[in-house]
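Below is one structure, written out as structure tokens, with a few remarks after it.
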Amino acid sequence: MIGKPLPLRDLGFRSTLELVADMPEVVRVCPYEKDTFILKAIADETTKAIAKLVARQRKSARARKSAAVKADAAPPSKNPQSFLRRSRAPVLPATVKAELQDLLS
């Protein structure tokens with residue numbers, strides 16, 4: 001969006017995953033498969049209506065599909081927040097957090 005890499009080191013983070021894990025009010029990190037995560041944006045007052053429409057769309061799409069569930073698809077036991085948490089988490093500037101929230105919206 002801004003045409004430059006995120007200044008993770010300047011903000012006190014080692015990775016993008018660590019950055020988003022430190023913003024639970026903006027984005028939720030969900031385990032998906034082995035060593036894979038899905039980032040889900042958290043709806044705020046301005047995007048709740050859109051989030052409801054998307055959720056309704058997903059439910060109807062799932063109802064139409066008759067795909068079999070994998071028997072061996074156990075979710076990973078790793079919790080990204082726990083292994084990314086450090087003793088002293090950096091404070092993310094409000095402007096950066098707002099820009100990321102706007103981007104995710």
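Between Ala43 and Arg56, what length comes free when the chain is fully extended (0.36 nm per residue of separation minus the Cα-Cα distance, one decimal in nm)?
3.2 nm
So, in nm, how far is label Tyr32 from label Leu8 when the simple model puts each one 7 Å beyond its Cα toward the Cβ?
Roughly 1.7 nm, to one decimal.
Could you list which residues have their amide H under 5 Å from that of Leu92, counting only those 5 or more apart in sequence or on another chain, with H placed in the peptide plane?
none
Search the structure for amide H atoms under 5 Å from the amide H of Phe37, placed 1.01 Å from N in the peptide plane, and list their residues when 5 or more places away or on another chain.
Answer set, sorted by chain and number: Tyr32.
Readers should treat all values here as calculations from the given coordinates under stated rules, not as data from a laboratory. Computed from a predicted structure; not experimentally measured. Every residue, glycine among them, receives a Cβ derived from its backbone with ideal geometry; neighbour counts consider all protein chains shown.
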